[in-house]
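Reading through the structure tokens given below for one structure.
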2 protein chains.
Amino acid sequence: MSEKVEFKKRISVEQVEEGTELAPKFDDNGLIPAVTTLAATGEVLMLGYMNKEALEKTILTGEAHYFSRSRQILWHKGADSGFKQIVKDLRIDDDQDAVWLSVELLGKDASCHVGYRSCFYRSVPTAGDHKKSDELIFREREKVFDPKQVYGDVPNPTKL
Amino acid sequence: MSEKVEFKKRISVEQVEEGTELAPKFDDNGLIPAVTTLAATGEVLMLGYMNKEALEKTILTGEAHYFSRSRQILWHKGADSGFKQIVKDLRIDDDQDAVWLSVELLGKDASCHVGYRSCFYRSVPTAGDHKKSDELIFREREKVFDPKQVYGDVPNPTKL
């Protein structure tokens, strides 16, 4: 096998759903969503996006690469923070328009730019609980790292 | 609390990231991506999308609702197949543009229209493994149900 990744042409539903050819579908912006979970616990760490180059680099290196929508650049996760994601398993879904990375973390157990372990650090009350209160509930109380120390003056990626 | 869900206006990064107000960001198509995992195992079952109505109904009922992009309709998961998803925990991410549902399944342990338990039933080889073979590897060998029996003539949602 070469040092390139070949994305196959999408020919039929059967090929895409039941085949062994990698034929991912990128959206109108050239992106595919990527769910990242912590291999040891199954916790969802983040939902990111990859362009072709990011998916190719992830496959070739075994380290998670994303496309930063706020900065519009290829983003080797952990290049700034040191918290790299080592891919233990990369999955693709039935219609090949989403991927799932199960990862181990290097450095601190942290993936979220706000300083928490997971980006999903708050719960939304549902059903009967929602009737009692509609306020978000923090599931992580303490930050794992100080974003100011790690990122310095890098602009916050959150957009309103 | 009323039988409605109030989505707050997004005012500041601090409110969105560090607050307890639900202020989700829907994309240009009015959708927010939703990752769904199996509560018992952490396995990612599917990546779907919700519009405002789907997120509202999920919060109010505690049962997963999505917006079907292929059919362009609100989609109460399991209404056709019987395989409903009962939400054990609903999370929202740092910038509130993605949600994570941890669910239990009713009926069979199945979430994928192709018949598998998870939509992510194939792995993509990475790094050294990719050099040996670039073919997708099936991680589920047997289908949990027969899609023809469950869905009959409902059109396949996969688009090329």
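With just the Cα atoms of the stretch B:71-143, tell me how far they stretch along each of the three principal axes, in Å, largest first.
Reported extents, whole Å, longest axis first: 42, 36, 26.
When Cβ neighbours within 10 Å are restricted to other protein chains, what is their mean count per residue of peptide B:18-24?
For peptide B:18-24, the averaged partner shielding equals 4.
Which residue fluctuates the most in chain B, going by a Gaussian network model with Cα springs under 10 Å, if the choices are B:Val124, B:Val114, B:Val87?
It is B:Val124.
Ratio of Rg to Rh for the stretch A:1-75, alpha carbon only, Kirkwood?
Using Cα coordinates only, the ratio equals 0.99.
B:Asn29 to B:Ser133: FRET efficiency via 1/(1 + (r/R0)^6), r the Cβ-Cβ distance, R0 56 Å, to the nearest 0.05?
With R0 = 56 Å, the Cβ-Cβ based efficiency is 0.90.
Relative to the first principal axis of the alpha-carbon coordinates of chain B, what is the inclination of helix B:52-61, with its axis defined by its Cα atoms, in degrees from 0 to 90 and to the nearest 10?
Helix B:52-61 and the main axis of chain B meet at about 90 degrees.
Just want the ordering: A:Ser123, B:Ser133, from fewest to most Cβ atoms lying within 10 Å of their own Cβ.
The most exposed by this proxy come first: B:Ser133, A:Ser123.
If you find the alpha carbon centre of the stretch A:24-50 and of the stretch B:54-77, how far apart are they in angstrom?
Using only Cα atoms, the two centres lie 21 Å from each other.
Quote the FRET efficiency, to the nearest 0.05, computed for B:Gln149 versus A:Lys52 with a Förster distance R0 of 22 Å and r equal to the Cβ-Cβ distance.
0.05
Nearest the rotation axis from A to B, which residue of chain A has its beta carbon, and at what whole-angstrom distance?
A:Gly42, 1
Please compute the average number of Cβ atoms from other chains found within 10 Å of each residue's Cβ in peptide A:32-41. All intermediate terms of the calculation are to be shown ahead of the outcome.
Numbers: counts 1, 5, 1, 10, 2, 6, 1, 1, 1, 1.
For peptide A:32-41, the averaged partner shielding equals 3.
Could you tell me how far the Cα centroid of the stretch A:108-126 sits from the Cα centroid of the stretch B:87-101, in Å?
Here the answer is 10 Å between Cα centres.
Express the Stokes-Einstein translational diffusion coefficient of chain B in µm² s⁻¹, to the nearest whole number, given a Kirkwood radius over alpha-carbon pairs, 37 °C and a viscosity of 0.692 mPa s. Intermediate results must be reported in sequence, preceding the final value.
Values: Rh = 17.3 Å.
Result for D is 190 µm²/s.
Output, in nm with one decimal and in ascending order, the distances from the B:Ile73 label point to the matching label points of the other copies (7 Å from Cα along Cα-to-Cβ).
Copy-to-copy label distances for B:Ile73: 4.6 nm.
Could you run the Karplus curve 6.51 cos²θ - 1.76 cosθ + 1.60 with θ = phi - 60° over the stretch B:24-31 and give me ³J(HN,Hα) per residue in whole Hz, x for Gly and Pro?
Using θ = phi - 60°, the values come out as x, 10, 9, 7, 4, 8, x, 10 Hz.
Does the protein assembly as shown classify as rounded, prolate or oblate by the C-alpha gyration tensor (a ≥ b ≥ c root eigenvalues; a/c under 1.5 gives rounded; else a/b over b/c gives prolate, otherwise oblate)?
Oblate, because a/c is 1.5 or more while a/b does not exceed b/c.
Points 7 angstrom from Cα along the Cβ direction at B:Lys159 and A:Thr41: gap in nanometres?
3.7 nm
With the label 7 angstrom out along Cα to Cβ, how close does B:Lys143 come to the same site in each of the other copies, in nm, nearest first?
5.0
How long is the gain from A:Arg141 to A:Lys84 if the chain were fully straight, where each residue apart is worth 0.36 nm and the alpha carbon distance is subtracted?
Values: separation 57, 0.36 × 57 = 20.52 nm, distance 2.30 nm.
Value of the extension gain: 18.2 nm.
Given the pairs A:Lys132/B:Lys9; A:Lys52/B:Lys159; B:Lys25/B:Lys77; A:Lys52/B:Lys8, which are separated by over 25 angstrom at their Cα positions?
The pairs that break the limit, which is 25 Å between Cα atoms, are A:Lys52/B:Lys8.
B:Lys108 versus B:Glu14, label points 7 Å from Cα toward the beta carbon: distance in nm?
About 5.3 nm, to one decimal.
Treating the point 7 Å from Cα along Cα-beta-carbon as the label, what are the nm separations from B:Glu14 to the other copies, to one decimal?
Its label point is 6.1 nm from the equivalent points in the other copies.
From other protein chains only, count the Cβ atoms within 10 Å of every residue's Cβ in A:96-102, then give the mean. Mind dumping the intermediate values first?
Values: counts 5, 4, 8, 4, 12, 3, 5.
What the average comes to for A:96-102 is 6.
Can you tell which of A:Lys108, A:Lys131, A:Lys88 shows the greatest fluctuation in a Gaussian network model of chain A with Cα springs below 10 Å?
Its mean-square fluctuation being the largest, the pick is A:Lys131.
Given a Förster distance of 35 angstrom, what is the FRET efficiency for B:Glu21 paired with B:Arg69, based on the Cβ-Cβ distance and rounded to 0.05?
According to the calculation, E is roughly 0.80.
All of the numbers you see were taken from the coordinates with simple rules; none came from a lab. This structure is a prediction, so every number in the text was calculated from the model and none was measured. With ideal geometry, Cβ positions are generated from the backbone for all residues, glycine too; neighbour counts draw on all protein chains shown.
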